[in-house]
1. What length, rounded to one decimal in nm, is gained on full extension from V221 through to L181, with 0.36 nm per residue of separation minus their alpha-carbon distance?
2. Taking H placed 1.01 Å from N in the peptide plane, check which residues at least 5 places from T83 or on another chain put their amide H under 5 Å from its amide H.
3. Over segment 23-113, what is the mean sequence separation of C-alpha contacts under 8 Å (at least six apart), divided by residue count, expressed as relative contact order in percent?
4. Could you list which residues have their amide H under 5 Å from that of R197, counting only those 5 or more apart in sequence or on another chain, with H placed in the peptide plane?
5. Please work out the FRET efficiency for the pair A84 and S234, using the Cβ-Cβ distance as r and a Förster radius of 25 Å; give the result to the nearest 0.05.
6. Once the piece of chain linking A130 and V14 is laid out straight, how much longer is it, given 0.36 nm per residue of separation minus the C-alpha distance between them?
7. K91's amide H: which non-local residues (gap 5+, or another chain) put their own amide H closer than 5 Å, with H modeled 1.01 Å from N in plane and none for Pro or chain starts?
8. What do you reckon, how do L230, L72, L92 stack up by accessible area (1.4 Å probe), largest on top?
Amino acid sequence: MPIQRWSSPVLGRVKGVIGGGLCAAVAIVFFQPWFGITVAAVVGVACIANLLLGAGVTLDTEAGLLGLRWGLIVRRVRLADVTAVLVEDSKLSIGRASGGEISIYLWGRGSFDRWLGMPVVAGDIGHAVARASNAARSAAEEEAPDAVTASGASASGAAATAGAGRRGSSAASRSALATMLLGCLGLLSVGAALLVRHSWHNPAMSVIAVILALLLGIGGVFYVCLSAALFASSARVGRRSLADAEYCKSRSLS
């Protein structure tokens, strides 16, 4: 089949809208009005997009493309660039040759989705993507010339080295961006904890508000610390790789 499509069932989209509606209601009730309305509006747009478009995977073997969609978010990957396919329950992760990983949570997640009768398709999609990516890489290798001259080999080696360097820098930049986004998420969570309304005439509502603020604050601090640790680790690895490269270069020149 040249084109295969998997789309989320309507029941899964409705479940997502109900969950988003509950999150929007919590935001309006427990946060400051301006912040709660903003959060509710963002969640509402995401829920409407998920209801109309849903999550889906499109595998186009003729064009050599893999499409991943979740609402308004769409990612496309060349099948020849797929290096790894990992399935964990309903999570589908796609590794790319240029570095980085794209993950999407599909329907059929957990016992509740199975109780609702939603099929578990992550394994089938993962096997189909793995077969298609292997075929695409094999076709790309067959199209490559079988023999090259010595100068051509050295030129291709230099190009491969430069390409590896570009891929490494691209992967490093994406890793730094992901770490930065994680830190921003933590700061946003800490800010949201400070915007929780604590003054309630009902003691039960006051207790719930305090618990919500604690959860947001602790989670935000954890994300900030984790992003700082990841950034420090990546910087240390980068300095070590640069030192190794300089050492190898000095050895080759000598």
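1. 13.0 nm
2. G95, R96, A97
3. It rounds to 15 percent for segment 23-113.
4. Distant-sequence amide H within range of R197: F31, Q32.
5. 0.80
6. 38.7 nm
7. Result for K91 returns L106.
8. L72, L230, L92
The values are calculated or read from the model by the stated rules, or taken from the named source; none is laboratory data. The structure displayed is predicted, hence computed values, not measured ones. Quick reminder, even Gly has a Cβ in these numbers, built from the backbone with ideal geometry, and neighbours come from all protein chains shown. Ligands, DNA and RNA are excluded from the accessible area calculation, which covers all protein heavy atoms including side chains. Shrake-Rupley method; radii C 1.70, N 1.55, O 1.52, S 1.80 Å.
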